[in-house]
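The values are calculated or read from the model by the stated rules, or taken from the named source; none is laboratory data. Fair warning: this is a prediction, and the values are worked out from it, not measured in the lab. Virtual Cβ from ideal backbone geometry, glycine too; neighbours counted across all protein chains shown. Surface accessibility is based on the protein's heavy atoms, side chains included, excluding ligands, DNA and RNA. Shrake-Rupley method; radii C 1.70, N 1.55, O 1.52, S 1.80 Å.
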Amino acid sequence: LEPSLLRFLVCPLSKRPLRYDEATNELVNEELGIAYPVIDGIPNMIPEAARTTQKKPPAEGSKQP
């Protein structure tokens with residue numbers, strides 16, 4: 001994935017920036033705990049294509065330590 005492209009890509013659900021995970025070839029939204037696959041260099045950012053990551057997002061109203 002072209003690094004300069006990351007500046008323009010945001011999650012279609014939260015409109016927040018995404019982090020590229022080279023190990024899994026995915027664009028990760030840490031806030032929502034989802035990851036979009038990158039197939040043949042093209043991000044598949046359809047919400048139904050995203051998978052849930054192992055890390056769960058914090059619950060509403062919960063306090064971070």
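For (1) at pLDDT below 95; (2) in contact with a Gly (Cβ under 9 Å, 6 or more places away or on another chain); (3) assigned to a strand (DSSP E or B), each residue gets a yes or a no:
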{"residue": "6", "(1), (2), (3)": "yes, no, no"}
{"residue": "12", "(1), (2), (3)": "no, no, no"}
{"residue": "27", "(1), (2), (3)": "no, no, yes"}
{"residue": "65", "(1), (2), (3)": "yes, no, no"}
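Let's see how each residue does on (1) of a type in the set (S, T, N, Q); (2) open to solvent by 40 Å² or more (accessible area, probe 1.4 Å); (3) under 8 Å from the mean Cα position of the chain (by Cα):
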position: 3; (1), (2), (3): no, yes, no
position: 9; (1), (2), (3): no, no, no
position: 16; (1), (2), (3): no, yes, no
position: 20; (1), (2), (3): no, yes, yes
position: 25; (1), (2), (3): yes, yes, no
position: 30; (1), (2), (3): no, yes, yes
position: 34; (1), (2), (3): no, no, yes
position: 42; (1), (2), (3): no, yes, no
Selection from the stretch 1-36 of residues that are in contact with a Phe, Trp or Tyr (Cβ under 7 Å, 6 or more places away or on another chain), over 14 Å from residue 47 (Cα atoms) and either without any contact (Cβ under 8 Å) to a residue 40 or more places away in the chain or β-branched (Val, Ile, Thr) (or both): 6
